[in-house]
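Let me begin by presenting the structure, written as C-alpha cells, before commenting on it.
The values are calculated or read from the model by the stated rules, or taken from the named source; none is laboratory data. This is a predicted model, so every value here is computed, not measured. Neighbour counts run over all protein chains shown; Cβ positions are idealised from the backbone, glycine included. Accessible surface areas use protein heavy atoms only, side chains included; no ligands, DNA or RNA. Shrake-Rupley method; radii C 1.70, N 1.55, O 1.52, S 1.80 Å.
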Amino acid sequence: MDSRVNYFGNSLANKVLKHINSASKVLSDSGLPAATQELVKIRASQINGCGFCTDMHTKDAAAAGETSVRLNLVAAWREATVFTEAERAALELAEQGTRIADAAGGVTDEAWTNAAKYYDEDQLVALISLIAVINSYNRINVINQQPAGGYRPGQFG
C-alpha cells in the first residue's frame, strides 16, 4: 500500500503539521498522565481505522514501558480489569468524542461527569484537546491511506 500523496514530504503539509505538532507538544507536556495520553490516542486511532497512528502509539507506549497486556486490551477496555477508573473515564470520553457523529447528543453528561471525578480542569482541557488532535492526525492519515507498520518509536522526535 502506498500513500496517495507524500504528505510528510510536502511543503504545505509540513506547514500544517507544524501547528498540529505544536499543539501535540503542549499536550504531552500537560498534567495529563503520559500513559493515559497514549491509551486515548490508541483508542481513537482504532475507532477511526488509522493503522499508522495505531502502530505509532502502541509502539511509543511499549517503548515507554506500557505492558503488552494493556496494549492488547485497549479495544476491549470495558471488559478488561487492567485499567484504572481514571483511565476508563478517559477512554469513554475519547470514544464518545471520536464518535460524535454517531450520537445526536454528542458526549454525554455522564461521561463528562465521570471524567471530571478524576481529572482537574487543566487535565480535562488537555483531554478534550488531545481527542481533537489525535482525530485530526487520524483523518489526515486515513484520507491519505498512510501505510502502517514501519514506524520506529521516537521517529518524529
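Data table
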| quantity | calculated |
| --- | --- |
| Added length on full extension, which subtracts the Cα-Cα distance from 0.36 nm per residue, V26 to E110 | 27.5 nm |
| Å² per residue, accessible surface of the chain at 1.4 Å | 55 Å² |
| Coil-residue trypsin sites (Lys or Arg not before Pro) of the stretch 1-93, DSSP, other Cβ within 10 Å capped at 14 | R4, R78 |
| Dipole moment magnitude, nearest 20 debye, the chain about Cα centre, only Lys, Arg, Asp, Glu C-beta charged | 660 debye |
| Between 0 and 90°, nearest 10: helix 11-28 axis offset from the chain longest Cα axis | 30 degrees |
| Span from the the stretch 113-145 Cα centroid across to the the stretch 12-43 one, whole angstrom | 9 Å |
| Carbon/sulfur fraction of accessible area - the chain, other protein chains in place, 1.4 Å, % | 55 percent |
| Low-density loop cleavage sites - chymotrypsin sites (Phe, Trp or Tyr not before Pro) in the stretch 95-157, where at most 15 other Cβ are within 10 Å (DSSP) | F156 |
| In order through the stretch 125-139: 3J(HN,Hα) via Karplus (6.51 cos²θ - 1.76 cosθ + 1.60), integer Hz, x for Gly, Pro | 4, 4, 5, 4, 5, 4, 4, 5, 5, 5, 5, 5, 4, 4, 5 |
| The stretch 27-106: GluC sites (Glu not before Pro) in DSSP loop, at most 10 other beta carbons within 10 Å | E79 |
| Cα-based reach from K18 at 18 Å (exclusive), listing aspartates and glutamates while leaving out same-chain residues under 8 positions away | D29 |
| Stokes-Einstein D in µm²/s, Kirkwood radius over Cα pairs - the stretch 1-45 at 10 °C with 1.306 mPa s viscosity | 128 µm²/s |
